[in-house]
Amino acid sequence: MCAIMMLNTVFLLSLCVATCFATAINGNDWTFHFNNSNIGELEMGSSTKIVFYTQTNTTWEDEDLRLQVISTDEDVAYPSRHFFELPQNNSMPSSLWENSFNLTTEFLGYTKLCLQVVKFENNTVQYVLNSSEVHMNIKVVRKPQLIDKIFVICVAVLMTIIFINLGCAIDVDQLKLCVRKPIAPVASFFAQFLILPILSFIYAKLIFPNSIPMQLGLFFTGISPGGGASSVWSLLLGGNINLSIVLTTIGTLESFIMIPFWVIFLGKHIFSVGEMPVPYSRIGFSIVALIIPLCIGYCIQRFMPSVSRVMTRILKPLSSCLIIFIIIFATVTNLYLFKIFSWKIILAGAVIPWTGYLIGLLTSVFARLSTPDIISMTVESGIQNTGIAIFMLKFSLGQPAADITTGIFILYF
């Protein structure tokens with residue numbers, strides 16, 4: 001009995017060794033090569049011819065072997081053909097085959113093309129003979145659209161007009177009071193640049209544990225200063241416009257220091273690179289774009305009071321039109337991104353602003369501010385300058401990752 005068991009054990013070990021040896025020989029007998037391995041970026045909705053070569057030292061008879069092309073994510077790009085027939089009999093060592101297929105790009109993202117040899121029986125794959133270690137990286141990006149440029153120009157023009165109107169409505173004495181008694185700016189700094197960045201980092205790690213681009217999108221939003229749209233919302237909700245302008249201006253100036261601080265302190269735990277972008281030029285442009293229209297509006301207030309009164313009266317209706325325009329136009333221009341929406345993206349798009357509102361509300365109540373000041377503080381803490389966050393993402397990630405993470409910002413509108 002023992003002798004039989006020993007013979008069975010020896011037989012099984014021999015079979016395992018033989019199988020390993022055969023697999024090794026089989027793997028070395030097939031080589032694959034893509035002719036255009038440096039294909040770079042492909043535009044969404046395009047079709048590209050891909051040429052590949054297969055070489056083998058293996059011979060076979062009366063076997064149905066085929067080459068299989070695999071795309072790891074066919075929602076991004078897919079081949080026109082998945083299987084290529086090989087000769088039923090091969091008695092020629094070092095045989096070389098050239099084949100090609102068209103690769104159609106479907107959506108933004110990344111995929112890989114891989115090749116493998118499979119055994120066919122009854123028109124189905126029975127097993128894989130060899131899988132190639134060689135693959136082609138495919139990156140699909142979106143072609144820049146004219147409507148994107150039109151949207152940016154329209155929003156810039158409308159925001160400029162609104163800030164000129166805000167300049168007509170500001171009270172210089174109130175502005176001086178906000179600066180002399182900086183209770184609200186200090187409370188806003190605590191809420192926006194100390195609490196929110198830490199929470200945004202935690203949210204990023206919890207919601208997107210396996211996606212660095214999405215983590216960066218959420219984190220960059222949390223460390224950005226308040227946006228110009230906060231003044232528009234403060235006006236519509238009955239807040240203190242003068243305080244809102246002061247908070248936006250001071251917050252943007254503070255971001256010169258606080259964005260680099262958080263990028264160095266927490267950003268390195270998300271994105272391990274030697275250098276991460278700090279968009280000083282973009283921050284500076286935001287300040288200029290805020291102050292110049294306000295100064296123009298204030299000059300109109302001083303030297304053309306009758307015009308200033310008219311512009312102040314139309315400020316609220318004009319602001320309402322701007323908000324409606326941004327919501328509709330932003331949805332239309334980014335309609336393609338709704339394809340990748342998930343509960344995580346919806347949650348990420350809502351968690352930062354609503355956390356900001358809550359922190360701003362609690363901080364301003366704790367600081368015993370007046371009701372209009374509380375409204376302005378709450379709005380300022382929840383509405384970030386997403387333009388700065390998007391700029392940092394495009395610099396850090398490039399395309400298409402930056403476009404994919406834009407889905408988080410659509411929900412801000």
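Things worth noting here:
- Note on K149: aspartates and glutamates with a C-alpha under 20 Å away, same-chain residues under 8 apart excluded, are E43, D403.
- Anisotropy class of the stretch 99-193 from Cα gyration tensor, a/c 1.5 cut: prolate
- Placing a label point 7 Å from the Cα of K181 along the Cα-to-Cβ line, the residues of the stretch 359-373 whose backbone N sits under 17 Å from it are 364-373.
- For the stretch 325-343 versus the stretch 122-155, the gap between their alpha-carbon centres in whole angstrom: 20 Å
- Sequence-distant residues sharing a close amide H with V141 (under 5 Å, placed H): L42, E43, M44
- Using distinct alpha-carbon pairs, which all enter the 1/r mean, Kirkwood radius of the stretch 300-375 in Å: 16.4 Å
- From most to least packed by mean Cβ count within 10 Å, the peptides 48-54, 221-227 give 221-227, 48-54.
- Partners for K268 among lysines (Cα-Cα distance below 29 Å; same-chain residues under 8 apart left out): K112, K139, K205, K344, K394
- Rounded to whole Å, the principal axis extents of the Cα atoms in the stretch 42-180 read 94, 32, 28, largest first.
- Accessible surface comparison of D29, D173, probe 1.4 Å, protein chains only, largest first: the order is D173, D29.
- Linear extension gain, N122 paired with L358, 0.36 nm per residue minus alpha-carbon span: 78.6 nm
- With each label modelled as a point 7 angstrom along the Cα→C-beta vector, the K268-S281 pair spans 2.6 nm.
- Annotation: peptides 256-263, 213-220, ranked by per-residue average of other Cβ atoms within 10 Å with the highest first, follow the order 213-220, 256-263.
- The ellipsoid that matches the Cα gyration tensor of the stretch 234-273 has semi-axes, each √(5λ) in whole angstrom, of 32, 11, 5, with the longest given first.
- When the alpha carbon gyration tensor of the stretch 180-242 is reduced to an equivalent ellipsoid, its three semi-axes come out at 29, 14, 8 angstrom, largest first.
- Average accessible area per residue (Å²) across the stretch 77-216 - probe 1.4 Å, nucleic acids and ligands excluded: 53 Å²
- Straight-line cross-link reach from K176 at under 18 Å between alpha-carbon atoms covers these aspartates and glutamates, not counting any fewer than eight positions away in the same chain: D373.
- Virtual paramagnetic centre 7 Å along Cα→Cβ of Q174, amide N under 16 Å, in the stretch 362-385: 369-380
The values are calculated or read from the model by the stated rules, or taken from the named source; none is laboratory data. The structure presented is a predicted model; accordingly, all values stated were derived computationally and were not measured. Using ideal geometry, Cβ is built from the backbone for each residue, glycine included, and neighbour counts are taken over all protein chains shown. Quick note on the areas: whole protein, heavy atoms, side chains included, nothing else; ligands and nucleic acids left out. Shrake-Rupley method; radii C 1.70, N 1.55, O 1.52, S 1.80 Å.
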